[in-house]
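Here's the structure we're looking at; comments come further down.
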Amino acid sequence: MRLVSIASVMLLATMTNSAHADGCAAQISAYRRAHGLSAVRADAALDGIAHRQAAAMARAEKVSHDVDGNFFVRIKPVRRRLAAENVAAGFRTCAETIKQWDASPEHRENLQIPGARRVGVASVAKPSSPYGRFWAMEITD
């Protein structure tokens with residue numbers, strides 16, 4: 001019975017992470033459409049890259065594009081022509097994180113990258129960190 005419970009919890013966590021990423025992708029799409037740009041769809045491969053980046057930042061308790069390795073090396077397997085990454089920490093929700101990215105010219109440029117079609121988003125909680133939660137977004141065509 002214990003194995004079934006653990007498997008159920010793992011399945012629920014996977015579904016929750018997937019639903020969370022899809023919900024954040026929808027919010028990023030709405031943001032882009034409000035700025036006259038194409039919508040983006042959630043992409044599982046980009047979600048994975050984003051999750052590894054957010055988890056690496058949480059482990060290091062550091063907000064950095066390079067904590068999980070060079071961005072261009074990490075994104076190369078799924079990138080076609082263009083790609084960008086936003087990272088953040090300290091925000092509880094996707095909406096708060098998007099608002100912070102919009103307030104930063106460099107992050108806003110990534111949110112509004114022309115021709116983007118796919119996005120991956122992840123957040124990883126680390127309650128022992130002063131940040132509490134780490135975010136990564138990967139966006140590409």
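A few notes on this one:
- Residue 123 without any contact (Cβ under 8 Å) to a residue 60 or more places away in the chain, hydroxyl-bearing (Ser, Thr, Tyr) and outside any helix (DSSP H, G or I): no
- So residue 34, is it open to solvent by 80 Å² or more (accessible area, probe 1.4 Å), of a type in the set (A, V, I, L, M) and over 16 Å from the mean Cα position of the chain (by Cα): yes
- Of all residues in region 53-81, those satisfying the criterion of being at pLDDT below 95 and not in a loop (DSSP other than H, G, I, E, B) are 71, 72, 73, 74, 75.
- When the test is whether a residue is crowded, with 18+ Cβ neighbours inside 10 Å, within 16 Å of residue 140 (Cβ to Cβ) and out of contact with any Cys (no Cβ under 8 Å at 6 or more places or on another chain), residue 87 passes it.
- Hey, residue 48 within 18 Å of residue 26 (Cα to Cα), surrounded by fewer than 20 Cβ atoms within 10 Å (Cβ to Cβ) and not aliphatic (A, V, I, L, M) or not: yes
- Filter result for residue 128 (of a type in the set (Ser, Thr, Tyr) and open to solvent by less than 40 Å² (accessible area, probe 1.4 Å)): no
- A search for C-beta distances below 6 Å between a residue of region 60-88 that is under 11 Å from residue 110 (Cβ atoms) and any residue that is small (Gly, Ala, Ser), counting only pairs 6+ apart in sequence or on different chains, returns 87/136.
The values are calculated or read from the model by the stated rules, or taken from the named source; none is laboratory data. Computed from a prediction, not measured in an experiment: that's the story for all the values here. We place every Cβ from the backbone using ideal geometry, glycine too, and count neighbours over all the protein chains shown. We work out accessible area using only protein heavy atoms, side chains counted, and drop any ligands, DNA or RNA first. Shrake-Rupley method; radii C 1.70, N 1.55, O 1.52, S 1.80 Å.
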